[in-house]
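Below is one structure, written out as structure tokens; the observations come after it.
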Amino acid sequence: MAKLHVSTIVNGEPMEFLCEPYETMLDALRGQLGLTGSKEGCSSGDCGACSITVDGRLVCSCLMLAVEAEGHEIRTIEGMAKGGRLHPLQQKFLEHAALQCGICTSGMLVASEALLARNSNPTEEEVRFWLAGNLCRCTGYDKIVRAVMETAAEMRQVILEARP
């Protein structure tokens, strides 16, 4: 079977790769594209470790075929930090020790960023609901939720202070 050519944008950069018709986006990211931040936890869309966004929509990359990336904008954990500066969510995860083994961390961060892009002022219940598709066996979620809530508050404050 012939490989398929895919043209897409990953973390703001145009990318092209070849893939098998049955290959997942997770496999393409970790293989051909060398972006290993998205983790394979379950291969069934149940754990969220492989979370990415596709055109701003949160997706489990283990459930997406790589060929489906054609013409779409993909964002992974590697796209969060800018110029060596951590995204505010990444910084808060560190400050709150909201990570331990690291398997879920990239998926939690990508999902949290997607939440804050939709809702800059989420309640604790909304954060917990949004992250319900991301499994963590180490932290118990409280530190993660606190990190997301504090990041949201600080990002709102930055916006308020920037207004004339």
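What the phi angles of the stretch 149-164 give under the Karplus curve with 6.51, -1.76 and 1.60, with θ = phi - 60°, is a coupling list of 4, 5, 4, 4, 4, 5, 5, 5, 5, 4, 5, 5, 6, 7, 6, x Hz, glycine and proline written as x. When both bridge partners sit in the chain, DSSP labels roughly 90% of those beta bridges antiparallel. Extending 7 Å from the Cα toward the beta-carbon at both residue 153 and residue 121 defines two label points whose distance is 1.4 nm.
Give me the net charge of residue 45's neighbourhood, meaning all other residues with Cβ under 15 Å from the Cβ of residue 45; Lys, Arg count +1, Asp, Glu -1. Could the numbers behind the result be given before it?
On the way: positive: 39, 57; negative: 27, 40, 46, 68.
Net of charged neighbours comes to -2.
State the percentage of accessible surface on the stretch 57-164 attributable to carbon and sulfur atoms; use a 1.4 Å probe and exclude ligands, DNA and RNA. Show your work: numbers first, answer last.
Working: 3350 of 6120 Å².
Using a 1.4 Å probe with all protein chains present, the stretch 57-164 comes out at 55 percent carbon and sulfur.
Each stretch of four or more DSSP H residues adds -39500 (n - 2.57); spread over every residue of the chain, this sum gives -10500 deg cm²/dmol at 222 nm. Taken per residue, the accessible surface of the chain reaches 54 Å², heavy atoms only and a 1.4 Å probe.
The values are calculated or read from the model by the stated rules, or taken from the named source; none is laboratory data. All values derive from a computational prediction rather than experimental measurement. As a convention, Cβ positions derive from the backbone with ideal geometry for all residues, glycine included, and neighbour counts pool all protein chains shown. Surface accessibility is based on the protein's heavy atoms, side chains included, excluding ligands, DNA and RNA. Shrake-Rupley method; radii C 1.70, N 1.55, O 1.52, S 1.80 Å.
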